[in-house]
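S.K.: To start, I am sharing the structure in question, which I have written as structure tokens.
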Amino acid sequence: MSDDERWMARALALAEGVAARTWPNPAVGCVLVRDGLVVGEGATAPPPGPHAEAAALAAAGDAARGATAYVTLEPCAHTGRTPPCADALAAAGVARVVVAVADPNPLADGGVERLAAAGVAVEVGVGAESALEGLAGFLERVAAGRPAVVVKLALSLDGRLAASDGTSQWLTGPAARAAAHRLRAAVDGVVVGSGTVLADDPALTVRLGPDGEPATAPSAGARQPLRIVLDRRARTRPGAKVYDDAAASLVVVDAAAEAGHLDEAGLDVARVDGRAADGGLAEALAAAGARGCRSLLVEGGAAVAGAVVAAGLADRLVVHVAPVLLGEAGRPAVTGLGVPTLAAAPRWDLVDVERVDGDAVLTCAPRAGAPEGPHDHDHDHDHALAPHGAGPT
């Protein structure tokens, strides 16, 4: 094994150590070596934490000058939640960068070229086979041309999102709601159906006070996600809070819908083919991706959640569970799956469990090789999804 292979193996081990915990970013490892010694190393942190290269550079300090960086994925060349890693490596005086896999994401690639332009020697392909294994989910999603999708649910112990009369505020406690806002702040877009907009008129902004508790106004200086409304029949009105100037918005309608009132209001309208098997969901996600969204949070209620899962488009489930029982008359958390038998049920792996005050937060990823579940070709993902007060705010 060459020295390059040995140090890249260490970087790959770092990436493996944070696998499934960096969503929606890929799990990346970086090792900085100078004169045969490791001077700094790091792995991708969960958003909004640093990328692997930034963590390794911080650990190395001045010792990074003249070092070789071993990185499992091409350093990014764009500014998102963090500055470009390619620029940070060049500015630190790193002399050589060894990359396992080039970044296929057009929103982030170009790091190799930027490093070369800064006079840094670059080599690509060392440890590529192992790196591709670890990055499989990320690479498949990029190849499909859609953002990463997390579906957030808040439910009772018996799987209900609201009582029989529709009351659900507040099913979970303040700490869980604050965690939901932090999750919203970590993604590029938030998705709901038109039924949620019509019933609840949510703002869908990040609202956290200085103490980290939920607030009534958008957080000062917070990066606000794109607010995406799935409105197949163009039922929503321009005066809804989700279309105000607190953040950017996108409304997705069926190509055959009469949406002139939305166009005339100057809203960003994307038209999709609602006759598609998934009701146009994949096309809607692609429209969000075309507007710079690399990650989406689905908060839209039982029907939207069910449609996204049934279409095989959910990369994560984040489930907030409150220790309360609502009984068989309560409103179900997910609808439209139409699971006929246990063997056909979508299976998920439990990635993480966290206690948040009196509630639990479960994070799940699709189980490799498990059935996606039945695909209902007539999902109505924009009907009245929740009674007043049951949806996001």
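S.K.: Over all distinct Cα pairs, what is the inverse of the mean 1/r for region 99-211, reported as the Kirkwood hydrodynamic radius in Å? Intermediate results must be reported in sequence, preceding the final value.
M.R.: On the way: mean 1/r = 0.0543 Å⁻¹.
Hydrodynamic radius (Kirkwood, Cα only) of region 99-211 equals 18.4 Å.
S.K.: Ok, one more. So, how do all the Cα-to-Cα distances of region 269-328 break down into 5 Å bins, in percent, from 0 on up?
M.R.: Result, from short to long distances: 4, 14, 23, 23, 17, 7, 5, 6, 1 percent.
S.K.: For region 252-371, report the convex hull volume of the alpha-carbon atoms normalised per residue, in Å³, without decimals.
M.R.: Per residue, the Cα convex hull of region 252-371 comes to 174 Å³.
S.K.: What do the square roots of 5 times the Cα gyration tensor eigenvalues come to for the chain, in whole Å, largest first, as semi-axes of the equivalent ellipsoid?
M.R.: Those come to 39, 22, 21 Å.
S.K.: If exposed means no more than 11 neighbouring beta carbons inside 10 Å and the site is in a DSSP loop, what's the longest run of the chain without any exposed GluC sites (Glu not before Pro)? Please report the intermediate quantities before stating the final value.
M.R.: Values: sites that count: Glu258, Glu328.
Looking at the chain, 1-257 is the longest stretch - no exposed GluC sites (Glu not before Pro) with at most 11 other Cβ atoms within 10 Å.
S.K.: Only helical DSSP H runs with n ≥ 4 go in: add -39500 (n - 2.57) per run for the chain, normalise by residue count and round the 222 nm mean residue ellipticity to 500 deg cm²/dmol.
M.R.: -7000 deg cm²/dmol
S.K.: Shifting gears a bit: Run the simple label-point estimate for Thr79 and Val339 please: 7 Å along Cα→C-beta, distance reported in nm.
M.R.: In this crude spin-label approximation the distance works out to 4.6 nm.
S.K.: State whether region 67-158 is rounded, prolate or oblate according to the following rule on the C-alpha gyration tensor (a ≥ b ≥ c being the square roots of its eigenvalues): a/c under 1.5 gives rounded; otherwise a/b larger than b/c gives prolate, and the remaining case gives oblate.
M.R.: Cα axes put region 67-158 in the prolate bin.
S.K.: Moving on. Express in nm, to one decimal, how much length is gained between Arg237 and Arg10 on full extension, taking 0.36 nm for each residue of separation and deducting their alpha carbon distance.
M.R.: Numbers: separation 227, 0.36 × 227 = 81.72 nm, distance 5.42 nm.
The span from Arg237 to Arg10 would gain 76.3 nm if fully extended.
S.K.: I've got another one for you. Say each of Ala277 and Asp244 gets a label point 7 Å from the Cα, pointing the same way as Cα to Cβ; how far apart are those two points in nm?
M.R.: 4.2
S.K.: Another one. Just need log10 I(q)/I(0) for region 46-106 at q = 0.19, 0.24, 0.26, 0.30 Å⁻¹, Debye formula, equal scatterers on the alpha-carbon atoms, no solvent, rounded to two decimals.
M.R.: Computed log10 I(q)/I(0) values: -0.67, -1.05, -1.21, -1.44.
S.K.: Let me know the shape class of region 309-359, please: from the alpha-carbon gyration tensor, a ≥ b ≥ c as square roots of the eigenvalues, rounded when a/c is under 1.5, otherwise prolate if a/b is greater than b/c, or oblate. Working shown, then result.
M.R.: Working: a/c = 2.24, a/b = 1.25, b/c = 1.80.
The shape class here is oblate.
S.K.: Same structure, new question: Against the globular-protein guess of 2.2 N^0.38 Å, express the Cα radius of gyration of region 1-137 as a ratio, rounded to two decimals.
M.R.: Numbers: Rg = 13.0 Å, N = 137, 2.2 N^0.38 = 14.3 Å.
After normalising by residue count via 2.2 N^0.38 Å, the value is 0.91.
S.K.: As an exercise, use a Förster radius of 51 Å and the Cβ-Cβ distance of Leu37 and Arg223 to find the FRET efficiency, rounded to the nearest 0.05. Don't skip to the answer; put the middle values down first.
M.R.: Numbers: r = 38 Å, r/R0 = 0.74.
About 0.85, to the nearest 0.05.
S.K.: Between Leu362 and Ala256, take the C-beta separation as r, use R0 = 41 Å, and let me know the FRET efficiency to the nearest 0.05. Intermediate results must be reported in sequence, preceding the final value.
M.R.: Working: r = 39 Å, r/R0 = 0.95.
Efficiency, rounded to the nearest 0.05: 0.55.
S.K.: For Val351 and Ala59, FRET efficiency with R0 = 22 Å and r from the beta-carbon atoms, rounded to 0.05?
M.R.: The computed FRET efficiency comes out at 0.25.
S.K.: On the first, second and third principal axes, largest extent first, how far apart are the outermost C-alpha atoms of region 223-293 in Å?
M.R.: 34, 25, 14
S.K.: Nearest 5 is fine: what % of DSSP beta bridges in the chain come out antiparallel, could you say?
M.R.: Bridges in the chain are about 40 percent antiparallel.
A short reminder: the numbers here are calculations on the coordinates, not readings from a lab. The structure presented is a predicted model; accordingly, all values stated were derived computationally and were not measured. Backbone-built Cβ (ideal geometry, glycine too); neighbour counts: all protein chains shown.
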